[in-house]
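Below is one structure, written out as structure tokens; the observations come after it.
The values are calculated or read from the model by the stated rules, or taken from the named source; none is laboratory data. Everything numeric here is computed off the predicted structure, so don't read it as measured data. As a convention, Cβ positions derive from the backbone with ideal geometry for all residues, glycine included, and neighbour counts pool all protein chains shown.
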Amino acid sequence: MNTRPVDATWVARKLKEGFDLGRLGVPQVSARPDGTYIWLDGQNRGALCVAADHGETKIGMKVFRGLTKEQEAELFLGLNDNRRVQPLYKFMAEVSAGYAEALDISRAARDCGWIVSDSGAGNAIIAVAALRKIYGKSAEKGQLLRRTLRVVTDSWGIAPAAANSYVLLAVASVLHNFPLLDSDALVRKLSKFAGGPASLLLKGRGYKHLTGGTVVEGIAKIIRDTYNSGRRSGRLNADSPEAF
């Protein structure tokens, strides 16, 4: 089951404040048949015990037995509902719990050769907030996301910069505002863009610095200009496109 990684900053801060066994509360874990225990709530506190040289000290814990991985994920989400859980780890737990939207987003990524993960793999996407935003933008859920992922993948392959949140949102913005544009023509143009997605990102940041606009707006403008270059018909009207 996917849970968030240990928050080392929190552990260091609490260690500096002074370790107090009585303030640990009651962490909650799932006992699996193979003898392993999965943190549902309290893994930072467990790491704090280890950091404070209390790794062998017995503490009270609530232990769940006989849970499926889906049930573990549901409990993780419920126990951490009002806490700071990074979007990626909440998303991964939703996948484990079988939530329809999370599964659909994962399938869309996988169909284009990507995975939604913190694994550090070359095809890993961590920009979950961007994926969710794009997913919910079209009337037919997931349609815009699939089209966006297909365009960036066909343009640049499985490249980390292609899965940057700003790049994804900018491509989605153009596709959303101009649904009748020729996707194949856009791919051909973007695939020849000097420097690829990394250069787009750099230029988008320069646009923000110069104009006070957003990085996404800057990249979207460059994409529109790139698409329009050399076209006599079917040009994209850049007048007041919908903000994304």
Suppose we filter region 207-224 for residues that are surrounded by fewer than 13 Cβ atoms within 10 Å (Cβ to Cβ) and not aliphatic (A, V, I, L, M); how many remain? 3
Number of the exception - residue 230 against (1) part of a helix (DSSP H, G or I); (2) on the phi > 0 side of the Ramachandran plot: (1)
Residue selected from region 1-39 under the condition closer than 25 Å to residue 91 by Cα and surrounded by fewer than 11 Cβ atoms within 10 Å (Cβ to Cβ), by the criterion modelled with the highest pLDDT: 36
Does region 192-205 contain at least one residue that is more than 24 Å from the chain's Cα centre (by Cα), in a helix (DSSP H, G or I) and surrounded by 16 or more Cβ atoms within 10 Å (Cβ to Cβ)? no
Residues being under 34 Å from the mean Cα position of the chain (by Cα) and farther than 19 Å from residue 12 by Cβ: count how many of those fall in region 49-64. 4
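Please verify whether region 192-203 includes one or more residues that are of a type in the set (S, T, N, Q) and in contact (Cβ under 8 Å) with a residue 60 or more places away in the chain. Explain how you work it out, then say what you get.
Restricting attention to region 192-203, the residues satisfying the condition of being of a type in the set (S, T, N, Q) are 199.
From what is left, the residues that are in contact (Cβ under 8 Å) with a residue 60 or more places away in the chain are none.
So far as region 192-203 goes, no, none of its residues is of a type in the set (S, T, N, Q) and in contact (Cβ under 8 Å) with a residue 60 or more places away in the chain.
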Apart from one, (1) closer than 21 Å to residue 228 by Cβ; (2) of a type in the set (Lys, Arg); (3) modelled with pLDDT of 95 or more all hold for residue 203; the odd one out is (3)
Return yes or no: is residue 105 in contact with a His (Cβ under 9 Å, 6 or more places away or on another chain), on the phi < 0 side of the Ramachandran plot and in contact (Cβ under 8 Å) with a residue 24 or more places away in the chain? no
The one condition in (1) in a helix (DSSP H, G or I); (2) of a type outside the set (A, V, I, L, M, F, W, C); (3) without any contact (Cβ under 8 Å) to a residue 60 or more places away in the chain that residue 113 fails to fulfil: (1)
Within region 50-65, can one find any residue that is in a helix (DSSP H, G or I) and either of a type in the set (Val, Ile, Thr) or farther than 21 Å from residue 117 by Cβ (or both)? yes
Sole residue being more than 19 Å from the chain's Cα centre (by Cα) and either surrounded by fewer than 17 Cβ atoms within 10 Å (Cβ to Cβ) or free of Cβ contacts under 8 Å to residues at least 60 places away in the same chain (or both), chosen from 75, 88: 75
Go through 151, 187, 174, 167 for me and flag whichever is in contact (Cβ under 8 Å) with a residue 60 or more places away in the chain and either part of a loop (DSSP other than H, G, I, E, B) or not hydroxyl-bearing (Ser, Thr, Tyr) (or both). 174
